[in-house]
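Peer 1: Shown below is the structure under consideration.
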Amino acid sequence: MPAAESARPAVLHLVTDPRRRGAQNLARDLHAELLRRGHRSELRSLRPHPDAPGAPAVGDAEPLGPGRFHPATLRALRAAARRADVVVAHGSSTLPACAAALFGSRAPFVYVNIGDPRHWAASPVRRLRTGLLLRRAAAVAAISDGAREVLLDHYRLPARSVRTIPNGRAADRYPPAADEADRQAARAALGLPAAGPLLAWVGALAREKRPDLALDALALLPGVHLAVAGDGPLRAEAAARDTTGRAHFLGALTDPAPLYRAADALVLTSDSEGVPGVLVEAALAGLPAVATDVGWVRDVVRDGVTGRLVPPGDAAALAGAVEKLLADAHGALGAAARRHALDRFDLGVVADAWQVLLAETARRGSRRTV
């Protein structure tokens with residue numbers, strides 16, 4: 001067992017699978033930053049990529065086993081945890097996995113709640129089960145003060161065990177466009193039109209993300225183009241819904257930063273969110289956003305200050321807000337979005353808070369073993 005009294009405890013980051021999505025992206029960025037700061041840090045996943053189960057993932061969230069809760073996976077998780085002072089569980093599937101695999105072990109784990117915790121409270125049984133699992137964690141990290149209040153209220157968790165640590169991204173990975181030539185170069189590299197306003201939509205093409213809403217709004221915005229970056233079960237349906245010929249489906253991008261430089265605004269159309277990493281990334285790139293007012297989106301998008309908020313499910317309101325925002329694209333709103341993101345969501349700021357929580361958790365774990 002590593003020495004938990006170290007100022008830089010060894011950390012095992014656990015994600016559900018190696019996909020590049022919200023929880024996984026935060027885990028990767030935090031893992032890399034902790035390594036840079038001198039921690040021993042390891043990144044593993046519970047299962048292979050569901051869309052490419054045979055693809056190698058060595059060095060990038062290598063799977064522990066064949067499935068999320070397979071006995072071999074849980075045994076491998078318990079063994080990997082012995083090399084760490086603290087396990088950090090990113091994503092909802094990692095909570096029951098850690099609660100089961102680490103029961104009775106010396107390894108404490110911190111659960112990162114990245115979505116809306118009310119999602120688990122649909123019935124009394126689900127709320128009770130989730131509350132029991134959350135109490136197995138040594139600490140819970142909420143990405144918003146609002147999410148923290150929900151965790152305390154719905155699941156009756158001890159206040160001392162729930163810490164607010166915002167979602168974070170490395171600012172240097174999302175530089176704003178240097179000038180118009182830089183923006184045009186980004187558009188050309190992605191095969192996007194050089195002329196006309198361009199909106200970016202980034203995310204999984206899944207029902208809760210509502211790509212249909214973005215396409216319906218596009219039909220109300222003459223001359224505007226929409227770049228859709230992402231893949232998922234609604235890919236064919238979304239492509240068929242575009243009646244304008246101005247939607248460009250780019251597939252999943254390994255790095256969305258060029259799209260942020262190419263676009264004039266980001267649109268987020270989800271019915272449910274926590275604090276979306278895509279909003280943080282766009283804001284760091286100086287890209288203002290129009291977003292549905294769900295979850296804790298307003299932690300990033302301050303209506304009329306760093307972007308525009310609209311009710312969920314309203315294509316006309318979305319189109320109207322886009323028109324207003326485009327009149328200021330890359331002006332005051334974009335600059336304010338970047339300042340706000342640098343102050344609150346830059347990975348350096350977020351990692352400072354994580355180091356404090358990890359050191360405290362490691363010390364508590366060490367005291368339990370004495």
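Peer 1: Taking only protein heavy atoms into account and a 1.4 Å probe, give the accessible area per residue of the range 128-287 in Å².
Peer 2: Each residue of the range 128-287 exposes 38 Å² on average to a 1.4 Å probe.
Peer 1: Right, something else. Percent of accessible area on the chain owned by carbon and sulfur, 1.4 Å probe?
Peer 2: 52
Peer 1: Now, a different point. Scan the range 77-164 for chymotrypsin sites (Phe, Trp or Tyr not before Pro) in coil per DSSP, keeping those whose Cβ has at most 15 other Cβ atoms within 10 Å, and list them by number.
Peer 2: PHE103
Peer 1: Rounded to the nearest 20 debye, what is the charge dipole size of the range 117-180 about its Cα centre when +1 sits on each Lys and Arg Cβ and -1 on each Asp and Glu Cβ?
Peer 2: 740
Peer 1: Quick one: compute a quarter of the convex hull surface over the Cα atoms of the chain and quote it in nm².
Peer 2: 17.9
Peer 1: Any chance you could check the Cα centroid distance between the range 215-249 and the range 265-295 for me, in angstrom?
Peer 2: Centre-to-centre distance over Cα atoms comes out at 18 Å.
Peer 1: Would you work out if the range 25-123 is rounded, prolate or oblate? Take a ≥ b ≥ c from the square roots of the eigenvalues of the alpha-carbon gyration tensor; rounded if a/c is under 1.5, else prolate when a/b is larger than b/c, oblate otherwise.
Peer 2: Taking the square roots of the gyration eigenvalues as a ≥ b ≥ c, the range 25-123 is rounded.
Peer 1: Taking N as the number of residues in the range 286-370, what is its Cα Rg relative to 2.2 N^0.38 Å?
Peer 2: For the range 286-370, the normalised Cα radius of gyration comes out at 1.57.
Peer 1: Using alpha-carbon positions, what is the distance between the centroids of the range 134-162 and the range 80-109, in Å?
Peer 2: 17
Peer 1: For the chain, modelled as a GNM with alpha-carbon contacts under 10 angstrom, which of SER92, SER161, SER105 fluctuates the most?
Peer 2: Result: SER105 has the largest fluctuation of those listed.
Peer 1: For HIS248, what charge total do you get from the other residues with a beta carbon under 11 Å from its beta carbon, if Lys and Arg give +1 and Asp and Glu give -1?
Peer 2: In short, +1.
Peer 1: Angle between the Cα long axis of helix 22-36 and the longest principal axis of the chain, 0 to 90 degrees, nearest 10?
Peer 2: Approximately 60 degrees, to the nearest ten.
Peer 1: Before anything else, pin down the relative contact order of the chain: Cα pairs under 8 Å, at least 6 apart, normalised by residue count, whole percent.
Peer 2: 16
Peer 1: Could you tell me which of ALA138, LEU215, ALA188 has its Cα farthest along the dipole of the range 121-238 towards the positive end, charges placed at Cβ (Lys, Arg +1; Asp, Glu -1), taken about the Cα centre?
Peer 2: About the Cα centre, the residue reaching furthest to the positive side is ALA138.
Peer 1: So, one more: To the nearest 20 debye, what is the magnitude of the charge dipole of the chain about its Cα centre, counting +1 on the Cβ of each Lys and Arg and -1 on the Cβ of each Asp and Glu?
Peer 2: Rounded to the nearest 20 debye, it is 1940 debye.
Peer 1: Still on this model: Using Cα atoms only, what is the angle between the long axis of helix 71-81 and the major principal axis of the chain, expressed in degrees (0 to 90) to the nearest 10?
Peer 2: Roughly 80 degrees, rounded to the nearest 10.
Peer 1: As a check on your grasp of the helix formula, calculate [θ] at 222 nm for the chain: sum -39500 (n - 2.57) over DSSP H runs of n ≥ 4, divide by the residue count, round to the nearest 500.
Peer 2: Helix contribution divided over all residues of the chain: -12000 deg cm²/dmol.
Peer 1: I'd like the per residue volume of the convex hull spanned by the Cα atoms of the range 163-282, given in cubic angstrom.
Peer 2: Given the Cα convex hull of the range 163-282, per-residue volume reads 109 Å³.
Peer 1: If you don't mind, another one. Note the full-extension length gain between ALA79 and ALA178 as 0.36 nm times their separation in residues minus their Cα-Cα distance, in nm to one decimal.
Peer 2: In short, 30.9 nm is gained.
Peer 1: Something else now. Can you compute the charge dipole magnitude of the range 223-284 about its Cα centre, using +1 on each Lys and Arg Cβ and -1 on each Asp and Glu Cβ, nothing else charged? Give it in debye, rounded to the nearest 20.
Peer 2: 200
Peer 1: Build a GNM of the chain with springs between Cα atoms under 10 Å: which of VAL322, VAL125, VAL267 gets the top mean-square fluctuation?
Peer 2: Looking only at VAL322, VAL125, VAL267, the biggest GNM fluctuation is shown by VAL125.
Peer 1: Tell me, in nm to one decimal, what length is gained between ASP51 and ARG135 on full extension, where the rule is 0.36 nm per residue of separation less the Cα-Cα distance?
Peer 2: Additional length available on full extension: 27.0 nm.
Peer 1: Once you have the Cα-Cα distance between ASP60 and ALA206, take 0.36 nm times their residue separation minus that, and quote the gain in nm to one decimal.
Peer 2: Extra length available between ASP60 and ALA206 comes to 50.1 nm.
The values are calculated or read from the model by the stated rules, or taken from the named source; none is laboratory data. If you're wondering where the values come from, they're calculated on a predicted model, not measured in any experiment. Here the Cβ is made from the backbone with ideal geometry for all residues, glycine too, and neighbour counts use every protein chain on show. Surface areas here come from the heavy atoms of the whole protein model, side chains and all, with no ligands, DNA or RNA. Shrake-Rupley method; radii C 1.70, N 1.55, O 1.52, S 1.80 Å.
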